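**Student:** Below is one structure. I have some questions about it.
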Amino acid sequence: MIPAHLNFAHLKRCVSILTVLEAKGVTTPLTKRGDQLFGPCPLHGGDNPNAFVISLSKNLWRCFTGCDAGGDVVELVRRLYGKNYRQTAAFLATLAATEPTSQTASSLQPLKKSFRPFTARLHLNASVPWLRQKRITPTTARRFEVGAYQGGGFLKECIAVRLHDLDGHPIGYAGRCLDPQKAKQCGKWKFPPRLPKNEILYNFHRIESCHRNGLVVVECPWGVMRLAQLNIPAVALLGIHLSAVQNDLLKKVSPVVLMLDGDRAGQEATVRIRSALEPYTKVYTITLPSGLDPDDLSDEALSSVTRHFLF
């Protein structure tokens, strides 16, 4: 029984089971089925993918093998860390108080009230022909947590790409539709409902501390991955519009190399974004031939055109 003098009710509302697992460094992939997540039990180990079950709506967990335990986030902390109730309260209070403090990160908060991040890790196949055609190696795909998704939902028949906020916290997946007809009707890319897409700078959290010599800005994740294979820092706008948050981040980088898609929309966006950034930093543009995207170029061409401005 939880002691009445400790206010766990508030802490249980503020801290999710997933937050506790992430704080412990538990990175075992979890599979989502409806409102539940399944995976190996972090308490007793093993590799049974159905041993540990989390109810997302109730914030409860249960192990069906090994330790045969279950409960709320309080009981998980006590068992996972071996803490007493007072220590558990202090630990949960620390997690509850952990909020983004930077100006750019805090600007996400109003949108996050209506957007519920999906933090579980999906099982993805990184070795698929579509990625090979993009010249993205399985090693790169695994690093960026990208691959074919075999389940249902809005990612069905898609190449899934894991997304993170500006602080590197996972917030869900985008999907590149593989069905040409569906892509033509509904668009190539699918995003979670109410995703604050215009306040995400894809891959920024991975290179934030190592872009002193500048970076390349592209439209979509494939260009980022191709450039990463060449050790060239890059971020993606996930579109052709530059938001205030993205502008605040990029104007602190020098130089910024814009290499958007070679279609009319990409060319017009290049002019618009360059105009927005030039008062604050040095900006170069790479204009691609009509119909070509950065990931359509060979490694030699990608390296040649970008390193000319960055190194």
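**Student:** Among the residues of segment 150-158, is any in contact with a Pro (Cβ under 9 Å, 6 or more places away or on another chain) and under 28 Å from Asp35 (Cα atoms)? It would help to see each step written out before you state the result.
**Tutor:** Step one: list which residues in segment 150-158 are in contact with a Pro (Cβ under 9 Å, 6 or more places away or on another chain), which gives 154.
Filter once more, so that each one left must be under 28 Å from Asp35 (Cα atoms): 154.
For segment 150-158, residues in contact with a Pro (Cβ under 9 Å, 6 or more places away or on another chain) and under 28 Å from Asp35 (Cα atoms): present.
**Student:** Additional query: Can you tell me which residue in segment 124-142 is farthest from Asn231 (Cα to Cα), limited to those that are among the basic types (Lys, Arg) and touching a residue at least 60 places away in the same chain (Cβ under 8 Å)?
**Tutor:** Filtering segment 124-142 down to residues among the basic types (Lys, Arg) leaves 132, 134-135, 142.
From the residues that got through so far, the ones that are touching a residue at least 60 places away in the same chain (Cβ under 8 Å) too are 134-135.
Working: Lys134: 17, Arg135: 15 Å.
My answer is Lys134.
**Student:** Also, I was wondering about something else. Being within 26 Å of the chain's Cα centre (by Cα), surrounded by 23 or more Cβ atoms within 10 Å (Cβ to Cβ), in contact (Cβ under 8 Å) with a residue 60 or more places away in the chain and closer than 26 Å to Ala174 by Cβ narrows it down to one residue among Met259, Met225; which is it? Spell out how you get there, then give the answer.
**Tutor:** Values: Met259 fails: in contact (Cβ under 8 Å) with a residue 60 or more places away in the chain.
After applying the criteria, what remains is Met225.
**Student:** Now for a different question. Scanning segment 88-124 for residues that are of a type in the set (S, T, N, Q) and either modelled with pLDDT of 85 or more or surrounded by 17 or more Cβ atoms within 10 Å (Cβ to Cβ) (or both), which turns out nearest to the chain's Cα centre (by Cα)?
**Tutor:** Across segment 88-124, the extreme among qualifying residues is Thr119.
**Student:** Continuing with the same structure: Just for segment 44-58: of the residues that are farther than 22 Å from Asn125 by Cβ and surrounded by fewer than 17 Cβ atoms within 10 Å (Cβ to Cβ), which one is modelled with the highest pLDDT? Before the answer, list the steps.
**Tutor:** Filtering segment 44-58 down to residues farther than 22 Å from Asn125 by Cβ leaves 44-46, 51-58.
Narrowing further to those that are surrounded by fewer than 17 Cβ atoms within 10 Å (Cβ to Cβ): 44-46, 55, 57-58.
On the way: His44: 78, Gly45: 74, Gly46: 72, Ser55: 88, Ser57: 80, Lys58: 85.
The residue in question is Ser55.
**Student:** Moving on. Kindly provide the set of residues from segment 187-225 that are over 20 Å from Arg116 (Cα atoms), out of contact with any strand residue (DSSP E or B) (no Cβ under 7 Å at 6 or more places or on another chain) and either at pLDDT below 90 or of a type in the set (S, T, N, Q) (or both), ordered by number.
**Tutor:** Correct list: Gly187, Arg206, Glu208, Ser209, Cys210, His211, Arg212, Asn213.
**Student:** Condition first: assigned to a loop (DSSP other than H, G, I, E, B), surrounded by fewer than 17 Cβ atoms within 10 Å (Cβ to Cβ) and more than 27 Å from the chain's Cα centre (by Cα). Now tell me which residues in segment 282-311 satisfy that. Explain how you work it out, then say what you get.
**Tutor:** Applying the first criterion (assigned to a loop (DSSP other than H, G, I, E, B)) to segment 282-311 yields 282, 286-293, 297-298, 311.
Next cut, surrounded by fewer than 17 Cβ atoms within 10 Å (Cβ to Cβ) only: 282, 287, 289-292, 298, 311.
Within segment 282-311, Lys282, Thr287, Pro289, Ser290, Gly291, Phe311 meet the criteria.
The values are calculated or read from the model by the stated rules, or taken from the named source; none is laboratory data. Here the structure is a predicted model, which is why all the values come from computation and not from measurement. Positions of Cβ are backbone-derived with ideal geometry, glycine not excepted, and every protein chain shown enters the neighbour counts.
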